[in-house]
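Chemist: Please read through the structure below; I'll follow up with questions.
Computed from the coordinates by the stated procedures, all read-outs in this text should not be read as laboratory data. None of these values were measured; they are calculated from a predicted model. Glycine gets a Cβ as well: all are built from the backbone with ideal geometry, and neighbour counts include every protein chain shown.
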Amino acid sequence: MPNIWTHILFCEEIMDVMDNKEEYLRMDGYLKLGSQGPDPFFYHNFWPWKKDDRVNQIGSSIHTEHCGPFLMDMIESGSRLSSKGKAYILGFVTHHILDRNTHPYIHYRAGYEGNKHQELEVIIDTLMMERNRNMNTWKVPAYKEINVGRFLDREIEQLLYRHIQTYFPEKTAALPDDFIQQSYRDMRMALKILFDPYRWKNVLLSSTISSFSHQPVRKNKDYLNEGHHTWHHPATNEPDTRSFLDLYEQSKNEGMKIISAIIDHWKHPDQRSIQSIESMVDNISYDTGKPLVQKLKNIYSSPIV
């Protein structure tokens, strides 16, 4: 998956071209937090000495199981929620759209060893923000972008809990009641620790944080595949020459249609509009970008990191 900054960028660029967006732009923090999708669950218990990864598994499950129905339930719930809840859902949907289009490239070019996946994501974050915002990621604290207060809004916590309980009841049974709040808190804390504008943390704690901490990109490699070299889908081995930028633009085209349809549906709900959204969302893995019915697994790679 792309990392925090690319997801924020993508969500912002989608919302910038929407009609009737003012209600949601006022909830900027919730849009940006929502744009992280299920990723906050990967930060739960992030300290190296904490070994309980049951909440992390929730994040993995949302990425790879019941993807379409889970999203559609969130979207349909949105009509009854506040502007905060709606903004969060819109951000969450953009996360899925960007992941399903770009994740295959990330998997193939990162491989499956250690933290290489995160390392490539962080590099792409830095390149994309330099390119699109003229911004140095290592100088801007990402944890402030997703800060919606000390606690996650209760409405959003209940929304997530209800749908996670519906689709993954066996995985939530033994989890603490506040695992969603803990994940939000741990993500903010982790991003705060990883923020390293003067690079002393990366020098002292290189083996622990270097794959996760935004820093200048020093190696002259074609991380975005701007040279359009052949890579292969990590699950099917199909050849492809598209760049990350091509995949990002494809995501934007999908995202503009889907997010616009959701906003319109919330204003004028009817069965036809929800069926149209369901058709566009489909039931596609965040991980492989392919329909879940195909039951594909990512196995192929040619790492660039």
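Chemist: Say R0 is 35 Å: what FRET efficiency, to the nearest 0.05, do Lys139 and Gln275 get from their beta-carbon distance?
Modeler: Details: r = 46 Å, r/R0 = 1.31.
The formula returns an efficiency of 0.15 here.
Chemist: Hey, what number do you get for the chain at 222 nm if only DSSP H runs of n ≥ 4 count, each worth -39500 (n - 2.57), divided across all residues, to the nearest 500?
Modeler: Values: 15 runs with 175 residues, N = 305.
Mean residue ellipticity at 222 nm (helix-derived): -17500 deg cm²/dmol.
Chemist: While we're looking at this one, here's another question. Considering only the other residues whose Cβ falls under 13 Å of the Cβ of Asn132, what net charge follows from Lys and Arg at +1 and Asp and Glu at -1?
Modeler: Around Asn132, the surrounding residues sum to -3.
Chemist: So which trypsin sites (Lys or Arg not before Pro) in the range 60-133 are both in a DSSP loop and have at most 16 other Cβ atoms within 10 Å of their Cβ? Display every interim value, and only then the final one.
Modeler: On the way: sites: Arg80, Lys84, Lys86, Arg100, Arg109, Lys116, Arg131, Arg133; in loops: Arg80.
Passing both the DSSP loop test and the Cβ count: Arg80.
Chemist: So what is the diffusion coefficient of the range 1-117 in µm² per second by Stokes-Einstein at 20 °C and 1.002 mPa s, using a Kirkwood Rh over Cα pairs?
Modeler: My calculation gives 141 µm²/s for D.
Chemist: Do the alpha carbons of any pairs in Lys139/Lys257; Lys32/Lys171; Lys86/Lys252 sit beyond 23 Å of each other, and which pairs?
Modeler: Lys139/Lys257; Lys32/Lys171, as the Cα separations exceed 23 Å there.
Chemist: Hey, in the GNM for the chain with a 10 angstrom Cα cutoff, which one of Tyr286, Tyr88, Tyr248 fluctuates hardest?
Modeler: Among Tyr286, Tyr88, Tyr248, the largest GNM mean-square fluctuation belongs to Tyr248.
Chemist: Going by average Cβ density within 10 Å per residue, which order do the peptides 263-276, 49-62 take, highest to lowest?
Modeler: Highest to lowest by the protection proxy: 49-62, 263-276.
Chemist: Next up: Tell me, what is the percent relative contact order of the chain, built from C-alpha pairs under 8 Å that lie six or more residues apart?
Modeler: 30 percent
Chemist: Through the Karplus equation 6.51 cos²θ - 1.76 cosθ + 1.60, θ set to phi - 60°, convert the phi angles of the range 291-305 into ³J(HN,Hα) values in whole Hz; use x for Gly and Pro.
Modeler: x, 4, 4, 6, 6, 8, 10, 6, 9, 8, 6, 8, x, 9, 10
Chemist: Among Ala173, Ala110, Ala190, determine the one that fluctuates most according to a GNM of the chain built with springs between C-alpha atoms less than 10 Å apart.
Modeler: Per the Cα network of the chain with a 10 Å cutoff, Ala173 tops the list.
Chemist: Right, something else. Pull out the extension gain between Glu130 and Ile299, defined as 0.36 nm times the separation in residues minus the alpha carbon to alpha carbon distance; nm, one decimal.
Modeler: Values: separation 169, 0.36 × 169 = 60.84 nm, distance 3.13 nm.
Value of the extension gain: 57.7 nm.
Chemist: Right, next: Mind listing the phi-derived Karplus ³J(HN,Hα) values for the range 257-270, rounded to whole Hz, using 6.51, -1.76 and 1.60 with θ = phi - 60°, and x for any glycine or proline?
Modeler: 5, 5, 5, 4, 5, 5, 4, 5, 5, 5, 7, 9, x, 7
Chemist: About the Cα centre of the range 4-294, what is the dipole size in debye to 20, counting +1 per Lys and Arg Cβ and -1 per Asp and Glu Cβ, all else neutral?
Modeler: Approximately 900 debye in magnitude.
Chemist: Which whole-number percentage describes the relative contact order of the range 45-164, with Cα contacts under 8 Å and a sequence gap of 6 or more?
Modeler: 22 percent
Chemist: Also, quick follow-up: Which chymotrypsin sites (Phe, Trp or Tyr not before Pro) from the range 148-233 combine a DSSP loop assignment with at most 15 other Cβ atoms within 10 Å?
Modeler: Here the chymotrypsin sites (Phe, Trp or Tyr not before Pro) that fit, given the DSSP loop and packing criteria, are Phe151, Tyr198.
Chemist: Here's another thing I want to ask about it. I need the phi-derived Karplus couplings for the range 92-97: 6.51 cos²θ - 1.76 cosθ + 1.60, θ = phi - 60°, integer Hz, Gly and Pro marked x.
Modeler: So the J values, rounded to whole Hz, are 4, 5, 4, 4, 4, 4.
Chemist: May I pose another question? Expressed as a whole number of Å, what is the distance separating the alpha-carbon centroids of the range 132-173 and the range 97-112?
Modeler: Answer, in whole Å: 21.
Chemist: What shape does the range 75-190 have by the C-alpha gyration tensor, where a ≥ b ≥ c are the square roots of the eigenvalues, rounded means a/c under 1.5, and otherwise prolate means a/b greater than b/c and oblate the rest? If you can, show how the numbers build up before the last one.
Modeler: Details: a/c = 1.73, a/b = 1.46, b/c = 1.19.
It is prolate, given that a/c is not under 1.5 and a/b is the larger ratio.
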